[in-house]
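Notes to accompany the following structure.
The values are calculated or read from the model by the stated rules, or taken from the named source; none is laboratory data. Computed from a predicted model, the values in this text were never measured in an experiment. Ideal geometry is used to build each Cβ from the backbone, glycine not excepted, and the neighbour counts take in all protein chains shown. Ligands, DNA and RNA are excluded from the accessible area calculation, which covers all protein heavy atoms including side chains. Shrake-Rupley method; radii C 1.70, N 1.55, O 1.52, S 1.80 Å.
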Amino acid sequence: MESIELILVMLLAVIASGYLVRVAPFSLPLPLVQIALGAVIAGGFHHGVVLDPEIFFLLFLPPLLFLDGWRIPKDGLFRDRNAILALALGLVLFTVVGAGFLIRWLIPAMPAALAFALAAIVSPTDPVAVSSITARVPIPKRLLHILEGESLLNDATGLVCFEFAVAAALTGRFSLASASLTFLWLALAGLGIGVGVTWVVSGAQRWLSQHVGEESGSAILISLLIPFGAYLLAEQLHASGILAAVAAGVTMSYVELNGRALATTRVQRAAVWNTVQLALNGIVFVLLGEQLPHTLRGAVASVAQSGHRSPWWLAAYALAITLGLVLLRLIWVWISLRRALFKARRSGTPVHRPHWRLLLATSLAGVRGAITLAGVMTLPLAMPNGTPLPARDLAVFLATAVILLSLVLASAGLPRLLRGLVLPPEPSAAREEDLARHEAAAAAIAAVERVQRSALRDVADADLHTQAAARVVALYQHRLAGAGAGESAGQLRKADQIEGALRVAALQAEREAVFGLARRNLISDETSRRLVREIDLLESRYR
């Protein structure tokens, strides 16, 4: 019973964090507020949640990674694939080696294999943490796409390095060939399983919809189950469940392009997934804060494992490791940029040299989060001979501290670095929208004309069809004629905004009139709900 109460309190903390961020007199990062509330909850319940990494990975990561893969812009993902892969593969390996030697130098009492295991688990950035930080920062879209793609793909590299470092700590042996083959299987099989599961499930759902019919609730539930199915199947085959969930989400975005889902299903599904994302994102950070008191107690007890007596050495270690990770990331980004500029000059391609503040922002944006926390919790408690694993509590504390410090640095530094930064123009979304609206209007007019020709066979209703078709076609012809008559795209968009505001005001009046009739019992509740839903769907189009 107490566990259920604790879960409900955590959900309330997620809700409260959103209001606290809005009413605070100064800007507060949402993840840090949620972490603080989690620490308060741990103190109120006088004991922490026993965080089982396997359950944590299964319950939280698949749906969040699936949704990120589903919603990430695919043009940016494939356009910047070289930069993303360089960060997801090369930077992780570079960080494992560099941070491993740094930790080994800072803490000679920590075994070398454990130092590299700690470096491996803090090397991948976390998609949940990155999304939470960048959502409230005016970050350039292209950089945002690169950071999102990196955080979705670098987990497999970091976890493979962590797995083999732990094995080396337990057995004293390490095989580069075995590690490379394992990584290839984890990555390729995980991606293939994610793609396959989504295509098979979507195909089966489409067949059932065509032959039996579709209920929107069932379609939404299937979309919620796909990431868990892909993750569990991949883990069962010893592949990367994380990459399987990501690949399933990316594939789902392509499945959606067939446009066969019902409009009401899409509206309801978006609302359900937004709620799931809000709840799981928040609980991840509340859980992190809930683990803090226990982690701090273990760290204070293990301070002697570092070879010192003062607990302040723990803070010094955590700060040094965090700054080392930022510096390693900055070095890698700078080298990658110099290489890209050199290749561009050789090919004669015009390039824009980014501002130094953008390079530093890219370095600070490497936020660690739930994957680091859950991964470090999988460190074994004892060696094969039964003796305790040396410096385990110290490693857990340092990983947790790196998460917190990376969140603080990114939350405090990114807004200041990017404020007022003049960036080169990116492809205009407005141009794409204008093109889409023009083509959609032309297609709509053609469709109305086809339906009108088919309906004119019924002579009795010919006049009604003609009048209705004329009204509908006039709405689209205004858009096409306005663009062709020299009216600027900006003026058309402004006209659409004015029309939208008027339509919203009209729809609000309609809805209030329907509610008034229902309050006076002049129409039934069923009729009221149906009409209000129609009005709500129309209003969502103009908001």
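Looking only at segment 250-276, how many residues end up being open to solvent by less than 50 Å² (accessible area, probe 1.4 Å) and of a type in the set (S, T, N, Q)?
3
Just give me the residues in segment 507-533 being loosely packed, with under 15 Cβ neighbours inside 10 Å and within 24 Å of residue 271 (Cβ to Cβ), in sequence order.
Selection gives 508, 512, 515, 525, 526, 527, 529, 530, 533.
Does residue 147 satisfy the criteria of being crowded, with 16+ Cβ neighbours inside 10 Å and assigned to a helix (DSSP H, G or I)? Give the derivation first.
Numbers: crowded, with 16+ Cβ neighbours inside 10 Å: yes; assigned to a helix (DSSP H, G or I): yes.
It is true that residue 147 is crowded, with 16+ Cβ neighbours inside 10 Å and assigned to a helix (DSSP H, G or I).
Residues of segment 352-405 being small (Gly, Ala, Ser) and under 21 Å from the mean Cα position of the chain (by Cα), which ones? I'd like the intermediate steps shown before the answer.
Initial filter on segment 352-405 (small (Gly, Ala, Ser)): 361, 363, 365-366, 369-370, 374-375, 382, 386, 391, 395, 399, 401.
Across segment 352-405, the qualifying residues are 361, 363, 365, 366, 369, 370, 374, 375.
Would you check if residue 66 is in a helix (DSSP H, G or I), of a type in the set (A, V, I, L, M, F, W, C) and over 22 Å from residue 332 (Cα atoms)? Lay out the reasoning, then the answer.
Values: in a helix (DSSP H, G or I): yes; of a type in the set (A, V, I, L, M, F, W, C): yes; over 22 Å from residue 332 (Cα atoms): yes.
Yes; evaluated as a whole, the condition is true for this residue.
Kindly check whether there is at least one residue in segment 509-524 that is modelled with pLDDT under 75, in a helix (DSSP H, G or I) and not polar (S, T, N, Q). Reasoning before the result, please.
Here is the first cut: in segment 509-524, the ones modelled with pLDDT under 75 are none.
No, every residue in segment 509-524 fails to be modelled with pLDDT under 75, in a helix (DSSP H, G or I) and not polar (S, T, N, Q).
Just give me the residues in segment 230-249 being open to solvent by 20 Å² or more (accessible area, probe 1.4 Å) and in a loop (DSSP other than H, G, I, E, B), in sequence order.
237, 238, listed by residue number.
Which condition breaks for residue 321 when tested against (1) open to solvent by less than 70 Å² (accessible area, probe 1.4 Å); (2) modelled with pLDDT of 75 or more; (3) more than 14 Å from residue 404 (Cα to Cα)?
(3)
State yes or no: is residue 75 charged (D, E, K, R), assigned to a helix (DSSP H, G or I) and under 26 Å from residue 31 (Cα atoms)? Steps first, please.
Working: charged (D, E, K, R): yes; assigned to a helix (DSSP H, G or I): yes; under 26 Å from residue 31 (Cα atoms): no.
The answer is no for residue 75.
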